[in-house]
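**Student:** Have a look at this one before I ask anything.
The values are calculated or read from the model by the stated rules, or taken from the named source; none is laboratory data. This structure is a prediction, so every number in the text was calculated from the model and none was measured. Cβ placement follows ideal geometry from the backbone for every residue including glycine, while neighbour counts extend to all protein chains displayed.
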Amino acid sequence: MSKKLLLKDAHIEGIRYFETYRKQGGYTAAEKALKMTPDEILEEVKVSGLRGRGGAGFPTGMKWSFLAKPEGVPRHLVVNADESEPGTFKDRYLMEFLPHLLIEGMLISSYCLGSNVSYIYIRGEYSWIPDILEEAIEEAKAAGFLGKNILGTGFDCEIYVQRGGGAYICGEETALLESLEGKRGNPRLKPPFPAVKGLWERPTVVNNVESIAAIVPIIDITGAEYAKIGVGRSTGTKLISACGNINKPGVYEIDMTITVEEFIYSDEYCGGIKDGKRLKACIPGGSSVPIVPANLLLRTVNGEPRYMNYESLADGGFATGTMMGSGGFIVLDEDQCIVDHTMTLARFYNHESCGQCTPCREGTGWMYKILKKIEKGEGKMEDIDLLWDIQRKIEGNTICPLGDAAAWPVAAAIRHFRDEFEWHVKNPELSQTQNYGLAHY
Ligand code: SF4
């Protein structure tokens with residue numbers, strides 16, 4: 001059984017409220033942290049090996065150490081709660097059921113970074129959660145854990161919740177900052193990076209909800225103890241939101257030492273494939289990471305078991321591996337049509353492109369149209385090569401990672417499931433009434 005650090009108290013009735021959270025030991029990590037120096041906290045975060053839980057997996061301590069500290073210029077912590085990646089809903093769970101864990105993590109992080117005004121930018125579709133967060137902020141303030149001169153330390157900290165307007169692109173950190181400043185959420189060219197010029201051109205750290213919540217157990221048990229959980233550079237625990245054709249969709253906390261097979265088939269987690277069907281493929285890190293067929297998902301090319309951690313999931317690079325990403329674990333059974341699935345994702349990325357750069361603005365639209373044509377049985381063999389060519393021209397040639405996010409699913413689908421694309425081309429009539437999965441398994 002995986003160790004629980006973030007969700008250990010999630011089952012307790014009333015844990016959403018300050019009184020219950022406090023009774024369970026809540027805010028003791030904050031009390032401990034406020035007696036430490038900011039540099040000591042930063043050292044704990046570095047030692048913990050915590051990697052950003054939003055998708056990129058960049059070491060959090062290193063990110064914090066890049067924060068510029070010019071004299072007299074305010075700095076900010078911004079929590080990225082714009083969780084819009086299809087298949088990813090773990091931050092929603094944290095905010096809805098454990099809002100004080102996030103607020104406590106923000107207090108410690110704000111103190112470490114020197115942010116007196118910090119923000120939570122939350123996706124517009126999570127319409128009921130800002131009220132929960134704002135209530136928690138008020139409770140923390142009333143108890144002296146936010147506001148002026150917190151616990152007599154002289155440190156002031158306010159937290160504000162900002163609702164997004166429902167654009168996926170605002171999950172990209174610089175688009176988020178633009179939106180937070182009241183502008184259209186267009187990603188910025190980097191450099192300068194937010195650590196130097198972020199919100200209102202002030203030094204800013206943007207971190208994912210889960211990353212900031214993880215600061216609480218890191219301070220609680222120490223960075224060194226946190227680093228002992230997990231394996232290699234995949235330290236601590238990770239939240240996984242599991243969905244698709246499984247018996248038990250939900251949010252699970254794992255310690256990154258379990259195998260993918262155990263995660264899918266064990267009753268503790270996904271509980272196996274729905275209706276006893278066979279596993280066809282999986283996207284383990286949110287819709288933008290490469291899809292992997294079952295044989296490569298359960299084992300690496302060397303025949304080693306594949307584990308639920310950053311290194312093992314990526315083993316073999318994009319040719320045979322994938323990524324941990326945001327932990328949005330989407331499972332596809334034998335009946336699913338990969339062309340149809342890829343088309344749905346292409347439509348999503350085309351809709352969400354901000355339109356600033358040509359490869360993304362035009363390319364995502366072309367990919368969607370070609371996929372639609374193939375799926376309807378109106379495609380030609382050359383269309384598959386054209387699709388491959390377009391995704392190659394998008395990847396790495398755009399301002400922000402949305403271009404890559406749109407290209408990778410198409411590349412992986414063609415790489416691993418080219419036969420399905422060809423089946424649609426060769427069987428135009430059948431492909432209108434059946435999908436490849438149903439016709440072949
Ligand atoms: Fe906008 Fe797409 Fe360019 Fe990102 S890659 S800046 S979403 S057009």
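**Student:** Give me the pairs, please: first residue somewhere in the range 167-192 and within 20 Å of TYR349 (Cα to Cα), second residue anywhere and small (Gly, Ala, Ser) and within 9 Å of the ligand (Cβ to nearest atom), beta-carbon distance under 7 Å, and either six or more positions apart or on two chains.
**Tutor:** These pairs meet every condition: ILE169/ALA175; GLY185/ALA175; ASN186/ALA175; PRO187/ALA175.
**Student:** Pick from GLY377, GLY365, GLY403: which is touching a Cys at 6+ places or on another chain (Cβ under 6 Å) and either in a helix (DSSP H, G or I) or away from the ligand (no atom under 16 Å from the Cβ) (or both)?
**Tutor:** Going through GLY377, GLY365, GLY403 in turn, the sole match is GLY403.
**Student:** Of all residues in the range 387-400 being touching a residue at least 24 places away in the same chain (Cβ under 8 Å) and in a helix (DSSP H, G or I), which is nearest to the ligand (Cβ to nearest atom)?
**Tutor:** ILE394
**Student:** While we're here: Looking at LEU313, is it away from the ligand (no atom under 16 Å from the Cβ) and more than 30 Å from ARG233 (Cα to Cα)?
**Tutor:** No, not satisfied.
**Student:** Considering only helices (runs of 4 or more DSSP H) fully contained in the range 168-276, which possess at least 1 residues that are within 16 Å of the ligand (Cβ to nearest atom) and over 21 Å from ILE108 (Cβ atoms)?
**Tutor:** 173-180
**Student:** Would you say ASP340 is outside any strand (DSSP E or B) and under 20 Å from the mean Cα position of the chain (by Cα)?
**Tutor:** It is false that ASP340 is outside any strand (DSSP E or B) and under 20 Å from the mean Cα position of the chain (by Cα).
**Student:** Output the qualifying pairs, or none if there are none: Cβ atoms under 6 angstrom, residues six or more apart or on different chains, first residue in the range 93-113 and more than 19 Å from THR20 (Cα to Cα), second residue modelled with pLDDT of 95 or more and aromatic (Phe, Trp, Tyr).
**Tutor:** TYR111/PHE155
**Student:** Which number in (1) closer than 25 Å to PRO74 by Cα; (2) within 16 Å of the ligand (Cβ to nearest atom) marks the one condition that THR153 misses?
**Tutor:** (2)
**Student:** Within the group GLU13, GLU83, which residue is outside any helix (DSSP H, G or I), touching a strand residue (DSSP E or B) at 6+ places or on another chain (Cβ under 9 Å) and more than 18 Å from ILE254 (Cα to Cα)?
**Tutor:** Step by step, each of GLU13, GLU83 is checked, and only GLU83 is outside any helix (DSSP H, G or I), touching a strand residue (DSSP E or B) at 6+ places or on another chain (Cβ under 9 Å) and more than 18 Å from ILE254 (Cα to Cα).
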